[in-house]
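Trainee: My questions all concern the structure below.
The values are calculated or read from the model by the stated rules, or taken from the named source; none is laboratory data. Please read all numbers here as calculations on a predicted model, not as lab measurements. Cβ: placed from backbone, ideal geometry, glycine included. Neighbour counts: every protein chain shown. The accessibility values were calculated without ligands, DNA or RNA, using every heavy atom of the protein model including side chains. Shrake-Rupley method; radii C 1.70, N 1.55, O 1.52, S 1.80 Å.
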Amino acid sequence: MKKVMLVGPVGAGKTSLIHALQKDPKRVEKTQSIRFCDGAIDTPGEYAQIPRFYSALMVTAMEASVVVIVQDATDLKINLPPGFAMMFSRPVIGVVTKIDVPGIDRDKVKSRLLQIGVKEPIFFISSHTGEGLDDLVEYFAEGRCKE
Ligand SMILES: Nc1nc2c(ncn2[C@@H]2O[C@H](COP(=O)(O)OP(=O)(O)OP(=O)(O)O)[C@@H](O)[C@H]2O)c(=O)[nH]1
Ligand SMILES: [Mg+2]
């Protein structure tokens, strides 16, 4: 996995996804600051939710080859602004997390990502069961996100 920056609300599952992709068995802790970890860039959810942090996200995205907007399938309470995904000068894709939880509405979650300006591809994954991770790993390896 190379130069992937994860952005999304608090608790969306960004750090869990990095751990799952890197096969890191450590328990996740709340992310307190922007962290570079073996090719991935993890960001605290507050940076997506509080506009005064947007400039930090934009500058950090310059270090990435792809920005991944992470959306929790089980929690649509937090609305990122329309066009949020357009602020990045890097390709932006979407990842919906927690699809292992019963009763989620995939179409509704996907439309939330489209509303904020995320374009396809949008992946549906579970960091807990590993469902969908292979497709994501393949996408990162394909070179579509290389500079
Ligand atoms: N069921 C389920 N729970 C998940 C999944 N991914 C993450 N979680 C849980 O969601 C909670 C938040 O996960 P984190 O990875 O810390 O979320 P984050 O986006 O990094 O949050 P911040 O660091 O606060 O921005 C944790 O309790 C995780 O165990 C998933 O795929 N399925
Ligand atoms: Mg985190």
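Trainee: Given a cut-off of under 8 Å on Cα pairs at least six residues apart, what relative contact order in percent is computed for the stretch 4-141? Please list the in-between numbers first.
Mentor: Details: 242 pairs, mean separation 33.3, N = 138.
The value is 24 percent.
Trainee: Step through the residues of the stretch 108-119 one at a time and calculate ³J(HN,Hα) from phi using the Karplus curve (6.51 cos²θ - 1.76 cosθ + 1.60, θ = phi - 60°), rounding each to whole Hz and writing x for Gly and Pro.
Mentor: Working through the residues one at a time gives 5, 5, 5, 5, 5, 5, 5, 4, 8, x, 6, 9 Hz.
Trainee: Follow-up. Output the Cα-based Rg and Dmax of the stretch 4-141 in Å, rounding Rg to one decimal and Dmax to a whole number.
Mentor: So, for the stretch 4-141, Rg and Dmax equal 13.5, 37 Å respectively.
Trainee: Using a 10 Å Cβ count of at most 16 others and DSSP loop calls, identify the longest part of the chain lacking such trypsin sites (Lys or Arg not before Pro).
Mentor: Free of exposed loop sites, the longest segment is 31-76.
Trainee: Let me make sure I get this right: for the stretch 1-80, a, b and c are the square roots of the gyration tensor eigenvalues over alpha carbons, sorted descending. Under 1.5 in a/c it's rounded, otherwise prolate if a/b > b/c, else oblate. Which is it?
Mentor: On the way: a/c = 1.70, a/b = 1.10, b/c = 1.54.
Oblate shape, in that a/c is at least 1.5 and b/c is the bigger or equal ratio.
Trainee: I would also like to ask the following. In debye to the nearest 20, how big a dipole does the chain give about its Cα centre with +1 on each Lys and Arg Cβ and -1 on each Asp and Glu Cβ?
Mentor: Values: 19 positive and 18 negative charges, 72 e Å.
Using Cβ point charges on Lys, Arg, Asp and Glu, the chain gives about 340 debye.
Trainee: Hey, another quick one. What's the carbon and sulfur percent of the chain's accessible surface, probe 1.4 angstrom, rounded to a whole number?
Mentor: Details: 4060 of 7710 Å².
Looking at the chain in its full context, I get 53 percent from C and S.
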